[in-house]
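Since the structure comes first, as C-alpha coordinates, the remarks are kept for the end.
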Amino acid sequence: MPECPVHLRKLLQLFGVAPLFLMALPSWGQQASPGWVRECPSDAFCFSRPVGLVAQPVQPIDSLTGTYRGGGVTLVFDMGAQADDGRYLEAPKTQDTSIHGKPARILSAGHQVMLVVPLVRESGPYKIRFAMSLQFDGKVQPELAQRIFSSIEFKPPR
(Lines give C-alpha, C1' and ligand atoms only; values in the text may rest on other atoms or scores of the structure.)
Protein backbone atom coordinates (compact mmCIF):
# COMPACT_ATOMS: atom_id res chain seq x y z
CA MET A 1 0.00 0.00 0.00
CA PRO A 2 1.43 3.44 -0.91
CA GLU A 3 2.44 5.81 1.87
CA CYS A 4 0.05 8.59 2.70
CA PRO A 5 1.21 11.98 1.36
CA VAL A 6 2.51 14.34 4.07
CA HIS A 7 -0.20 16.97 3.53
CA LEU A 8 -2.95 14.33 3.75
CA ARG A 9 -1.37 12.80 6.85
CA LYS A 10 -1.31 16.27 8.49
CA LEU A 11 -4.98 16.83 7.60
CA LEU A 12 -5.92 13.46 9.06
CA GLN A 13 -3.99 14.28 12.23
CA LEU A 14 -5.70 17.64 12.46
CA PHE A 15 -9.18 16.22 11.89
CA GLY A 16 -8.48 13.23 14.08
CA VAL A 17 -7.57 15.43 17.03
CA ALA A 18 -9.66 18.55 16.33
CA PRO A 19 -13.07 16.96 16.99
CA LEU A 20 -11.90 15.84 20.44
CA PHE A 21 -10.58 19.33 21.14
CA LEU A 22 -13.78 21.01 19.90
CA MET A 23 -15.99 18.70 21.95
CA ALA A 24 -14.19 19.86 25.10
CA LEU A 25 -14.88 23.56 24.45
CA PRO A 26 -17.97 25.21 25.95
CA SER A 27 -20.43 26.66 23.49
CA TRP A 28 -23.20 29.24 23.56
CA GLY A 29 -26.40 27.64 24.78
CA GLN A 30 -24.56 24.54 25.94
CA GLN A 31 -26.62 22.11 27.96
CA ALA A 32 -26.09 22.00 31.68
CA SER A 33 -23.84 19.41 33.30
CA PRO A 34 -25.25 16.13 34.71
CA GLY A 35 -27.66 16.73 37.58
CA TRP A 36 -28.43 20.20 36.25
CA VAL A 37 -31.12 21.54 33.89
CA ARG A 38 -30.86 24.49 31.51
CA GLU A 39 -33.97 26.73 31.65
CA CYS A 40 -34.90 29.62 29.32
CA PRO A 41 -38.06 31.22 30.77
CA SER A 42 -40.07 32.87 27.97
CA ASP A 43 -36.80 32.94 26.01
CA ALA A 44 -35.88 36.16 27.89
CA PHE A 45 -32.86 34.66 29.65
CA CYS A 46 -31.36 31.26 30.37
CA PHE A 47 -29.89 29.79 33.53
CA SER A 48 -28.86 26.42 34.91
CA ARG A 49 -30.29 24.91 38.07
CA PRO A 50 -30.01 21.63 39.95
CA VAL A 51 -32.57 19.02 38.87
CA GLY A 52 -33.91 18.91 42.44
CA LEU A 53 -35.22 22.48 42.22
CA VAL A 54 -38.77 21.99 40.92
CA ALA A 55 -40.90 24.74 39.33
CA GLN A 56 -43.76 26.00 41.50
CA PRO A 57 -46.93 27.68 40.26
CA VAL A 58 -46.73 31.48 40.22
CA GLN A 59 -49.10 34.27 39.22
CA PRO A 60 -47.04 36.93 37.42
CA ILE A 61 -48.54 40.41 37.35
CA ASP A 62 -46.29 42.82 35.48
CA SER A 63 -43.04 40.91 35.02
CA LEU A 64 -41.50 37.53 34.21
CA THR A 65 -41.31 35.59 37.46
CA GLY A 66 -40.59 32.07 38.57
CA THR A 67 -40.16 30.02 41.73
CA TYR A 68 -38.36 26.69 42.20
CA ARG A 69 -38.13 24.65 45.40
CA GLY A 70 -36.31 21.57 46.56
CA GLY A 71 -33.61 20.27 48.86
CA GLY A 72 -34.01 23.06 51.38
CA VAL A 73 -33.62 25.82 48.79
CA THR A 74 -36.11 28.23 47.21
CA LEU A 75 -35.03 30.04 44.04
CA VAL A 76 -37.09 33.02 42.89
CA PHE A 77 -36.45 35.22 39.85
CA ASP A 78 -38.12 38.43 38.71
CA MET A 79 -37.46 40.30 35.45
CA GLY A 80 -39.25 43.54 34.72
CA ALA A 81 -39.46 47.26 35.46
CA GLN A 82 -40.44 46.57 39.08
CA ALA A 83 -38.03 43.68 39.75
CA ASP A 84 -36.82 43.39 43.33
CA ASP A 85 -33.74 45.40 44.26
CA GLY A 86 -33.10 43.85 47.67
CA ARG A 87 -33.93 46.96 49.69
CA TYR A 88 -35.79 44.87 52.26
CA LEU A 89 -32.66 42.88 53.18
CA GLU A 90 -31.34 43.94 56.56
CA ALA A 91 -27.66 45.05 56.46
CA PRO A 92 -26.67 42.82 53.51
CA LYS A 93 -23.09 42.10 52.56
CA THR A 94 -22.66 43.47 49.02
CA GLN A 95 -20.35 42.24 46.28
CA ASP A 96 -20.11 43.97 42.90
CA THR A 97 -19.95 41.63 39.93
CA SER A 98 -21.16 41.33 36.35
CA ILE A 99 -23.57 38.86 34.81
CA HIS A 100 -23.44 38.26 31.08
CA GLY A 101 -21.61 41.57 30.67
CA LYS A 102 -24.04 43.60 32.77
CA PRO A 103 -23.10 45.32 36.07
CA ALA A 104 -24.68 43.50 39.02
CA ARG A 105 -24.57 43.09 42.79
CA ILE A 106 -24.75 40.02 44.98
CA LEU A 107 -26.41 40.68 48.32
CA SER A 108 -26.15 38.26 51.26
CA ALA A 109 -28.15 38.49 54.46
CA GLY A 110 -29.28 35.78 56.84
CA HIS A 111 -30.20 32.68 54.86
CA GLN A 112 -30.59 34.54 51.57
CA VAL A 113 -28.27 35.27 48.64
CA MET A 114 -29.63 37.62 46.00
CA LEU A 115 -28.41 38.77 42.60
CA VAL A 116 -29.58 42.19 41.37
CA VAL A 117 -28.98 43.43 37.81
CA PRO A 118 -30.24 47.03 37.83
CA LEU A 119 -30.35 47.35 34.04
CA VAL A 120 -30.74 44.44 31.66
CA ARG A 121 -32.06 46.69 28.88
CA GLU A 122 -34.34 49.63 28.24
CA SER A 123 -37.81 49.06 26.84
CA GLY A 124 -39.33 52.38 25.85
CA PRO A 125 -39.49 54.53 28.99
CA TYR A 126 -38.89 51.49 31.25
CA LYS A 127 -35.65 50.05 32.58
CA ILE A 128 -35.87 46.27 32.71
CA ARG A 129 -34.23 44.93 35.87
CA PHE A 130 -33.49 41.41 37.00
CA ALA A 131 -33.31 39.77 40.40
CA MET A 132 -32.71 36.17 41.43
CA SER A 133 -32.79 35.08 45.04
CA LEU A 134 -31.88 31.85 46.78
CA GLN A 135 -33.37 31.32 50.24
CA PHE A 136 -31.78 28.46 52.20
CA ASP A 137 -33.68 26.59 54.93
CA GLY A 138 -30.39 25.69 56.59
CA LYS A 139 -26.77 26.60 55.96
CA VAL A 140 -26.23 29.11 53.16
CA GLN A 141 -24.49 27.60 50.13
CA PRO A 142 -22.72 30.53 48.41
CA GLU A 143 -21.06 28.20 45.88
CA LEU A 144 -24.49 27.00 44.69
CA ALA A 145 -25.73 30.59 44.34
CA GLN A 146 -22.57 31.57 42.45
CA ARG A 147 -22.86 28.64 40.06
CA ILE A 148 -26.49 29.45 39.25
CA PHE A 149 -25.86 33.21 38.96
CA SER A 150 -22.84 32.78 36.70
CA SER A 151 -24.87 30.56 34.34
CA ILE A 152 -27.31 33.40 33.50
CA GLU A 153 -27.37 34.59 29.89
CA PHE A 154 -29.74 37.37 28.85
CA LYS A 155 -31.39 37.01 25.45
CA PRO A 156 -32.03 39.95 23.11
CA PRO A 157 -35.66 41.12 23.09
CA ARG A 158 -37.87 39.67 20.38
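Those residues that are farther than 18 Å from Arg129 by Cβ and of a type in the set (D, E, K, R), I need them from segment 45-83; list them, please. Arg49, Arg69 - these are the residues of segment 45-83 that are farther than 18 Å from Arg129 by Cβ and of a type in the set (D, E, K, R). Just one of (1) aliphatic (A, V, I, L, M); (2) farther than 26 Å from Asp62 by Cβ; (3) surrounded by fewer than 16 Cβ atoms within 10 Å (Cβ to Cβ) fails for Leu119. It is (2).
Scanning segment 44-64 for residues that are aliphatic (A, V, I, L, M) and touching a residue at least 24 places away in the same chain (Cβ under 8 Å) returns a single hit, Ala44. Residues that are closer than 17 Å to Asp85 by Cα and surrounded by fewer than 15 Cβ atoms within 10 Å (Cβ to Cβ): does segment 141-148 have at least one? Taking every residue of segment 141-148 in turn, none turns out to be closer than 17 Å to Asp85 by Cα and surrounded by fewer than 15 Cβ atoms within 10 Å (Cβ to Cβ).
Taken over segment 80-119, the residue count meeting the criterion of being farther than 14 Å from Phe149 by Cα and touching a residue at least 12 places away in the same chain (Cβ under 8 Å) is 18. Only residues that are among the aliphatic types (A, V, I, L, M) and farther than 16 Å from Ile152 by Cα were counted in segment 54-82, giving 6. Does Gly138 satisfy the condition of being within 29 Å of Gly70 (Cβ to Cβ), loosely packed, with under 15 Cβ neighbours inside 10 Å and either in contact with a strand residue (DSSP E or B) (Cβ under 6 Å, 6 or more places away or on another chain) or not basic (Lys, Arg) (or both)? Judged against the criteria, Gly138 is a match.
Against the condition over 24 Å from Gln141 (Cα atoms), assigned to a loop (DSSP other than H, G, I, E, B), at pLDDT below 50 and not aromatic (Phe, Trp, Tyr), how does Met1 come out, does it pass? Yes, satisfied. Does Gly138 qualify as being touching a Pro at 6+ places or on another chain (Cβ under 9 Å) and closer than 25 Å to Pro57 by Cβ? Answer is no for this residue. Under the condition of being among the aliphatic types (A, V, I, L, M) and within 17 Å of Pro142 (Cα to Cα), the residues counted in segment 61-95 number 4.
The values are calculated or read from the model by the stated rules, or taken from the named source; none is laboratory data. Note that the structure is a prediction, hence the values are computed from the model and not measured. Cβ sites come from the backbone with ideal geometry, for glycine too, and all protein chains shown count toward neighbours.
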